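The values are calculated or read from the model by the stated rules, or taken from the named source; none is laboratory data. A quick note: this is a predicted structure, and the numbers were derived from the prediction, not measured. Every residue, glycine among them, receives a Cβ derived from its backbone with ideal geometry; neighbour counts consider all protein chains shown. Ligands, DNA and RNA are stripped out before the accessible areas are found, and what is left, the full protein with its side chains, is counted by its heavy atoms. Shrake-Rupley method; radii C 1.70, N 1.55, O 1.52, S 1.80 Å.
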Amino acid sequence: MVMEFVVSELEGTLLKDKDPFSYFMLVAFEASGLIRFMLLLLFWTVIRLFDALGMDDAGLKLMVFIATVGLRVSEIESVSRAVLPKFYMEDVDMEAWKVFSLYDIRVVVTKSPRVLVERFVKEHLRADEVTGNEEPSLGLGRATSSFRCFSLCKEQMHPPFITSGNLHNHQLLRPLPVIFHDGRLMKRPKPSTALLILLWMPLGIILAIIRFMVGVILPMQAIPYVSRLFGGKIIIKGKLPLPISCSSSGVLFVCTQNFNGPGCLVHRAHEKNPSSHIFDIKINRNPITHTNGFFHATTAGGWKALDPIFFFMNPRPIYEVTFLNQLPVEATCSSGKSPHDVANYVQRILAATLGFECTNFTRKDKYRVLAGNDGTVSYTSLVDQVKKVVSTFKPFLP
């Protein structure tokens, strides 16, 4: 049996956007910070000038240099694991993918560094290799593509791709979905979007400080009303359980998030939370569901302590808390159910309410995808931590 090869260009073919600039902006922001993000945007006009003069390689090298110089490989890999797959998947050309997926051996050619694209291309687009030198059966690429390998192909196809039912009898595959995502930016920072983010940042920082201080200083009862004056909003849905008596064994609330705001709302309604009756609470603090925000309250490699600050930096941060019905007794441990069965049942309820699909992934699986480890942290004594800090300065000590 003869194995049929296909070689496809990534940028402009499997991905609709032929310009990788926005992905390098993501690397600059997530792996380094705001200064590198601003610097790369500043050089965007120079990069475009190189492209206009036919010096594409020079523009690409400048882009790669600014985005990655001085970064550790592990920092770049962290962004390629946790941040880029979501944005790559949103840009996949499904018609090109249908043709690509029909062949036995699939090879992708890219002008981006392999460390950025290899994981996504192999795990989600089901590619076998990112580069290849065999003579393929079909080459997918733009008519103006600069990749010389396409001249070696027996057949070439260019966008737009039109698939016919009799092209092959293979069953069409689907790209593997992106399940885990981390990173602060909601949108892919194309030049116009990146400029808008930078222009908003000064005002956003001021608003975040004000909103944070409002939450710290004012009593909880006043926060839902005062937050509206500064663009924020707290939405409470569902029926709050009645306050429990002192003789009762209490109520356990299961939340989808661990941010302090909704926890305070629950605490205001109930003074204690022991574990007898179980209520589910759906908490949504993703402002993209209500307005076009800029930032997620999470990060791939930055300071986690800044998560609430970035959330409050959005133009209209909205917190939505939904109280679901109390679990029936027959669904709790009181009726003989195991803790694992109860926990899985509660997770399915929360997932269905949020519109998510449950998977078999565990916490360790999540950390392996997002952080490259299983999420365990080894204990290090204070003395060992001091020694480690001092050792970094040894080359500079007499």
Legend entry - Checking ALA67 against (1) in a helix (DSSP H, G or I); (2) among the small types (Gly, Ala, Ser); (3) at pLDDT below 90; (4) open to solvent by less than 70 Å² (accessible area, probe 1.4 Å), the condition it does not meet: (3)
Inset, instruction - Please indicate, with yes or no, whether at least one residue in segment 103-111 is assigned to a helix (DSSP H, G or I) and not hydrophobic (A, V, I, L, M, F, W, C). - result: no
Legend entry - Test for LEU199: is it within 21 Å of MET38 (Cα to Cα) and free of Cβ contacts under 8 Å to residues at least 40 places away in the same chain: yes
Legend entry - Boolean, ILE76 is in contact (Cβ under 8 Å) with a residue 24 or more places away in the chain and either at positive phi or open to solvent by 10 Å² or more (accessible area, probe 1.4 Å) (or both): yes
Legend entry - Matching residues in segment 32-42 - criterion: being touching a residue at least 12 places away in the same chain (Cβ under 8 Å) and part of a helix (DSSP H, G or I): LEU34, ARG36, PHE37, MET38, LEU39, LEU40, LEU41
Legend entry - Single residue of GLY132, GLY183 found to be at positive phi, assigned to a loop (DSSP other than H, G, I, E, B) and either at pLDDT 90 or above or crowded, with 18+ Cβ neighbours inside 10 Å (or both): GLY183
Legend entry - Hey, ALA351 on the phi < 0 side of the Ramachandran plot, exposed (fewer than 15 other Cβ atoms within 10 Å of the Cβ) and either free of Cβ contacts under 8 Å to residues at least 40 places away in the same chain or in a helix (DSSP H, G or I) (or both) or not: no
Inset, instruction - Evaluate the following for ILE105: is it at pLDDT 90 or above, assigned by the TED database to the domain that holds ALA31 and open to solvent by 10 Å² or more (accessible area, probe 1.4 Å)? - result: no
Legend entry - Residue list for segment 298-334, restricted to those being modelled with pLDDT under 85, open to solvent by 50 Å² or more (accessible area, probe 1.4 Å) and in a helix (DSSP H, G or I): LYS304, ALA305, LEU306, VAL329, CYS333, SER334
Inset, instruction - Check whether at least one residue in segment 172-179 is modelled with pLDDT of 90 or more, within 24 Å of the chain's Cα centre (by Cα) and open to solvent by 40 Å² or more (accessible area, probe 1.4 Å), and report yes or no. - result: no
Legend entry - Positions within segment 64-81 being in contact with a Leu (Cβ under 7 Å, 6 or more places away or on another chain) and either under 21 Å from LEU198 (Cβ atoms) or outside the structural domain of VAL92 (by the TED database) (or both), in sequence order: ILE66, ALA67, VAL79
Inset, instruction - Of the conditions (1) modelled with pLDDT under 60; (2) among the β-branched types (Val, Ile, Thr); (3) under 18 Å from the mean Cα position of the chain (by Cα), THR359 clears all except one; give me its number. - result: (1)
Inset, instruction - With the checklist (1) without any contact (Cβ under 8 Å) to a residue 12 or more places away in the chain; (2) of a type outside the set (Phe, Trp, Tyr); (3) open to solvent by 50 Å² or more (accessible area, probe 1.4 Å); (4) more than 30 Å from ARG81 (Cβ to Cβ) in hand, flag the one item ALA222 doesn't pass. - result: (3)
Legend entry - Set GLY59, GLY54, GLY12, GLY33: member being at positive phi, surrounded by 18 or more Cβ atoms within 10 Å (Cβ to Cβ) and in the same structural domain as VAL79 (by the TED database): GLY12
Inset, instruction - Could you list all residues from segment 6-31 that are free of Cβ contacts under 8 Å to residues at least 40 places away in the same chain and of a type in the set (Gly, Ala, Ser)? - result: ALA28
